[in-house]
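The values are calculated or read from the model by the stated rules, or taken from the named source; none is laboratory data. Note that the coordinates shown come from a computational prediction; the quantities given were computed from them, not determined experimentally. Backbone-built Cβ (ideal geometry, glycine too); neighbour counts: all protein chains shown.
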């Protein structure tokens, strides 16, 4: 009896700020006006196609929303509403290419895939052979080897740069920070040309995977250094002081306290560095020679890589090679996205 | 003896505090310092080696290496020489580099600023993280992917837009064409580059805008500003130099881009300011184009071209970093 009484008397939660049906009428009319206006623009003017329809939706939304806001709240509000819809539209425009790229790669890339694509190389196949002949095993192996070497070179250098900037803060810190930033803007082709001019050109040495890895490590170093610096800056100062207060030397503090505390962040830095170089093409064109046969030795003979395989398929221009390029880029994109999302995951776990 | 004098006499001289680093610390600092010098060493080595290899050509051509429009090698790749002397000038390619990069910046930067404003001030918090992730993911896309996509997907649409621009705005000299050939134009290369620089410019603009002092934002709202008038009165003036820096960083990226430009651009040795016409160039794609069958002498010329590209992008990047750092530091 008591229970039913309480349920009966229990007041309904009220939301006085909620717009009433009457207040929503202009909004409904607005949506209707946008739909009609878009249809009219697409039908009677040159705004054909997907992007044209998008543009006409934006134009109509801008006009209608600013009219509605202006009618009730004056000119400033009208301007505000118009700008809001333009900014939203431009943001959509910014992410539109991502959707288009992902969609295209998925649709076109899956056509060229088959099991043998991952287990055979192009040694006995030409780029114009049908799609069930040949694969990119050599390229996957080559990319893997070069990434490992480049990581072994640039991660120690990048992390020591970061440690110098955050822990030692010695002379020239500002200059080094500035140079690292400037280095991250060095065009990838310059890195390749540099390795070519300093090591290969005129020396009689041939193309091989090691030189490619050296060129890649130049591009990887600033990414690792900058991310690692940010990570180390996030480590609480208390931890360092605690280490020093226990009588540890700076070396012990950094090695036993700071670096372990920043471990996941430093791994993120490494992964971001790898993601930066995994798809680099231009430096490899000057250094690796881009072989078609599986080659496990980075110091001897030309070595293939996924970007180079895509490049070769792209410039040969036939329909089969184009399909092969799309399939290879699907593999490359999956690799890059795995790296990217694992870096994000680690980054989130840290915060 | 006055009190002050007495104090002076009795006061002990302050002990000089010194730390004597242990040997382990000395070694540690030396090792880390050596590692930290790597960026300086690499940048210097790039300039030295490219300069060394390209010096012969630079000395011979002099200023005409930058201003000349001709690129002709008298030595063929099989070693036979023709009679005309070789001429190396990257003037047309430098102009092409700047034209495509400027197109990229003028399309990409407004979009990036809008996206950064949206992410900071408009986006509902539920989708902000997702959108930031999407734009960051775009930054991780390899440049050959943009090249492939630009060539296969964007180019047909780009040609259509170019024709529309020409049809309606052809009376502006910039959008005029001498022959109706719209394929593989600087405009399309600029579009691809614009898409490529959106992530970096957006992330810098976002960071700069997020540094806007909160009290100024709240003061603007308290004075009755709408969101847009707040942005115009507070956020944009505050972030101005930082955003200019971000735009320059994008400019530097666009100047140095190789593969994506090479796939969508028709490389012709002439100064072309008609951006819709299918003829253009870019120093980086010149190097790729000529490298394959270059003679030893031409390789040296390509090294000199690489040096010019390196110095140009380095200059642009350093200016950009100065501008961005200044804004980010003065924030909250």
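General observations
- Listed conditions (1) crowded, with 21+ Cβ neighbours inside 10 Å; (2) closer than 16 Å to residue A:106 by Cβ; (3) facing chain B (nearest Cβ under 8 Å) are all met by residue A:314, apart from (2).
- Candidates are the residues of the stretch B:25-44 that are surrounded by fewer than 18 Cβ atoms within 10 Å (Cβ to Cβ) and within 21 Å of the chain's Cα centre (by Cα); the one that is nearest to residue A:161 (Cα to Cα) is B:40.
- Residue check, residue A:64 assigned to a helix (DSSP H, G or I), surrounded by 15 or more Cβ atoms within 10 Å (Cβ to Cβ) and within 8 Å of another protein chain (Cβ to nearest Cβ): no
- Of the helices (runs of 4 or more DSSP H) lying entirely inside the stretch B:225-314, those containing at least 1 residues that are under 15 Å from the mean Cα position of the chain (by Cα) are B:236-256, B:259-264, B:283-291.
Rundown of residues vs (1) surrounded by fewer than 17 Cβ atoms within 10 Å (Cβ to Cβ); (2) in contact (Cβ under 8 Å) with a residue 24 or more places away in the chain; (3) within 27 Å of the chain's Cα centre (by Cα), yes/no style:
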| site | (1), (2), (3) |
| --- | --- |
| B:64 | yes, yes, yes |
| B:69 | yes, yes, yes |
| B:86 | no, yes, no |
| B:93 | no, yes, yes |
| B:131 | no, no, yes |
| B:143 | no, yes, yes |
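- Within the stretch B:265-286, the set of residues being over 17 Å from residue B:191 (Cβ atoms) and either modelled with pLDDT of 90 or more or surrounded by 24 or more Cβ atoms within 10 Å (Cβ to Cβ) (or both) comprises B:283, B:284, B:286.
- Residue A:255 buried (at least 24 other Cβ atoms within 10 Å of the Cβ), assigned by TED's automatic domain parsing to the domain that holds residue A:162 and farther than 24 Å from residue B:288 by Cβ: no
- Residue within the stretch A:277-287 that is outside the structural domain of residue A:104 (by TED's automatic domain parsing), farther than 23 Å from residue B:150 by Cα and either at pLDDT below 90 or under 26 Å from the mean Cα position of the chain (by Cα) (or both) present: yes
- Leading residue by the ranking (farthest from the other protein chains (Cβ to nearest Cβ)) among those in the stretch A:70-92 that are touching a helix residue (DSSP H, G or I) at 6+ places or on another chain (Cβ under 7 Å) and over 18 Å from residue A:57 (Cβ atoms): A:70
- Across the stretch A:318-344, the number of residues qualifying as more than 20 Å from residue A:137 (Cα to Cα) and within 11 Å of chain B (Cβ to nearest Cβ) comes to 4.
- Check on residue A:243, modelled with pLDDT of 90 or more, over 18 Å from residue B:41 (Cβ atoms) and surrounded by fewer than 21 Cβ atoms within 10 Å (Cβ to Cβ): yes
- For the stretch A:183-211, filtering for residues that are buried (at least 24 other Cβ atoms within 10 Å of the Cβ) and farther than 19 Å from residue B:285 by Cα leaves 3.
- Among the residues here, residue A:113 does not qualify as assigned to a helix (DSSP H, G or I) and either more than 9 Å from chain B (Cβ to nearest Cβ) or closer than 24 Å to residue B:136 by Cβ (or both).
- Selected residue [surrounded by fewer than 23 Cβ atoms within 10 Å (Cβ to Cβ), at the interface with chain A (Cβ under 10 Å from one of its Cβ atoms) and closer than 20 Å to residue B:54 by Cβ] from B:289, B:312: B:312
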